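Please see the structure below; I have some questions.
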Amino acid sequence: MPRAAINDNSRVALRIRTADKALIMRAVALAQTDMTAFILRTALREAQLVIEEHERVILSQRDSRRVLDLLENPPAPNAKLRKAARALPKRS
């Protein structure tokens, strides 16, 4: 029977193959830490990499110059931009 979700539980349960667990346990022993710390540290590192990969834009030198040029010399607003600006709510 499935267990009910608990919103405030900070536990994570994993089902893992025996060979995979043995590999992790070997790394845990070599790192002289415990399994929780090892898995948490590794998962957090990977999570940061995934987030960074999705939030950072890496531009070529040519594209970087283009962006800087557009920031310093923005094009004149066209009709669509003026219409969008008029549709914005008025600030108090």
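The values are calculated or read from the model by the stated rules, or taken from the named source; none is laboratory data. Because the structure is a prediction, the values reported are computed rather than measured. FYI the Cβ positions are ideal-geometry reconstructions off the backbone, even for glycines, and counts take in every protein chain you see.
From the set of residues in region 68-81 that are over 31 Å from the mean Cα position of the chain (by Cα) and surrounded by fewer than 10 Cβ atoms within 10 Å (Cβ to Cβ), which is nearest to ILE58 (Cα to Cα)?
Going through the qualifying residues, I end up with ASN73.
Within region 32-59, which residues are over 22 Å from ARG11 (Cβ atoms) and touching a Lys or Arg at 6+ places or on another chain (Cβ under 9 Å)?
Answer for region 32-59, where residues must be over 22 Å from ARG11 (Cβ atoms) and touching a Lys or Arg at 6+ places or on another chain (Cβ under 9 Å): just LEU59.
Still on this structure, please answer the following. What number of residues in region 1-43 are exposed (fewer than 10 other Cβ atoms within 10 Å of the Cβ) and either over 23 Å from the mean Cα position of the chain (by Cα) or at pLDDT 95 or above (or both)?
The initial filter retains those residues of region 1-43 that are exposed (fewer than 10 other Cβ atoms within 10 Å of the Cβ), namely 1-15, 17-19, 30, 32.
Subset that is either over 23 Å from the mean Cα position of the chain (by Cα) or at pLDDT 95 or above (or both): 1-6, 15, 17-19, 30, 32.
Residues meeting the conditions: 12.
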